[in-house]
Amino acid sequence: VFGRDGCIKAVGQADVIRNQFSEAMFERIIDCSGKCVLPGLVDAHTHPVWAGDRVHEFAMKLAGASYMEIHQAGGGIHFTVEHTQKATEDELFSSFQHRLGCMLRAGSTLVECKSGYGLNLETELKMLRVIERARKSMDIGISSTYCGAHGVPKGKTATEATDDIINNHLPKLKELKLSGEIHVNNIDVFCEKGVFDLESTRRILQAGKDIGLQINFHGDELHPMKSAELGAELGARAISHLEEVTDEGIEAMARAKCAAVLLPTTAYMLRLKQPQARKMLEEGVIVALGSDFNPNAYCFSMPMVMHLACVNMKMSMNEALAAATINAAYALGKSDTHGSLEVGKQGDLLIINSSRWEHLIYQFGGHETLVNYVIVKGKVIYENKRCETMSSY
């Protein structure tokens, strides 16, 4: 039961709810007989604002080129940066709006959205304005991340880029946050060999923390950088990727209650070593999932991400569901309001066209006939008519 404020007023057995609300008037009642009600999915890591298609790089990867080889040849992040710098705000907003719609129809009700394809102050702010525009105008929930340290701009050293971010980008961001023009939640850095080293990463993350941003960054993806240890030390809310995390890093994250945002699409598409999900879970790390939607990992669907997490990272379906709901909400600092069906929380949920929730993970790529309703703040945002005429089996 949702109230007019969009929050959950009651959860429980149907007969108990009917008795409790026998005198109440409802705007709408949805019959969920034979269906499943689940919390809205939370995508804890995406790069959805960009211009320029990198489909040509997929062929290069299939032919054996590594991520860093493509990056050093002027492809990868730099290719997207060039196109994003040239794109207008309206162009970026139009494609971003479409992508968020695809995510919503696949069941995501809260999405973390990064900047990071600008690498100069003007374009980073353009991207953050686009994210802010969607946050204000669309029903889907957004957690906004400044990721100006996604790559080292051409013509600059990593140290020069670090100084520019600390001395110019972050003060401007603080000013715009205080004026209410842009609302940013998190700070991110690509801590990687040949990009930002541990010391540059430390400086940027600390400066971001000092202006009130949550630390939520890329670490230990392609090389062991001791990112996990750094994140635990700085009080990071979350670290993403972690394919090359050390045993000590896992222990440090568990102690610090720093969430691990694992991205099975990236490991799959780049043919990387899979993150050690089982070891993390056994050590007590809070494991979350994200799609890593970007031009390099083009996946809108958290149900597909959960499937990959189960098959390739050996997570159970229960663990994958928790990782894509309450734990992903925790990674964004929103587990008090999102990620589970509890009285007082925001009314974000899915109704799926099956009596068993496991079908959402079991049916690889099947969300288009499974996701019947997507509800955000107690309001039906998406209703899939095909579910009424098609069996989920």
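The values are calculated or read from the model by the stated rules, or taken from the named source; none is laboratory data. Please read all numbers here as calculations on a predicted model, not as lab measurements. Positions of Cβ are backbone-derived with ideal geometry, glycine not excepted, and every protein chain shown enters the neighbour counts. Remember, those area values only see protein heavy atoms, side chains included, never the ligands or the DNA or RNA. Shrake-Rupley method; radii C 1.70, N 1.55, O 1.52, S 1.80 Å.
General observations
- In this structure, the amide hydrogen of G116, modeled 1.01 Å from its nitrogen in the peptide plane, lies closer than 5 angstrom to those of C147, counting only residues at least 5 positions away or on a different chain.
- Summarising the amide proton neighbourhood of G141: residues at separation of 5 or more, or on other chains, whose placed amide H is nearer than 5 Å comprise L110, V111.
- Table column - 3J(HN,Hα) (Hz), the stretch 343-349, Karplus curve with 6.51, -1.76, 1.60, x for Gly and Pro: 4, x, 7, 5, x, 10, 7
- Among the trypsin sites (Lys or Arg not before Pro) in the stretch 242-307, those located in a DSSP loop and surrounded by at most 12 other Cβ atoms within 10 Å of their own Cβ are R271, K273.
- Once C-alpha pairs closer than 8 Å and six or more residues apart are averaged by separation and normalised to the residue number of the chain, the relative contact order reads 21 percent.
- Antiparallel DSSP beta bridges within the stretch 41-332, as percent of all bridges there, nearest 5: 5
- Mean Cα-pair separation over length for the stretch 128-275, i.e. relative contact order, pairs under 8 Å, 6 or more apart, %: 17
- Kirkwood hydrodynamic radius of the stretch 247-393, from inverse mean 1/r over distinct Cα pairs, in Å: 16.2
- Long-range HN-HN contacts of K193 with modeled amide H, under 5 Å: H223
- The stretch 1-92: GluC sites (Glu not before Pro) in DSSP coil with no more than 12 other Cβ atoms inside 10 Å: E23, E27
- Our Cα-only numbers for the chain put the radius of gyration and Dmax at 20.7, 69 Å.
- Heavy-atom accessible surface of the chain, averaged per residue, reaches 42 Å², computed with a 1.4 Å probe.
- Over 20 Å [Cα-Cα, the stretch 28-128], rounded percent: 53
- On the chain, 51 percent of the accessible area sits on carbon and sulfur atoms, based on a 1.4 Å probe.
- Karplus (6.51, -1.76, 1.60) ³J(HN,Hα), θ = phi - 60°, over the stretch 291-296, in Hz, Gly and Pro reported as x: 7, 6, 3, 6, x, 8
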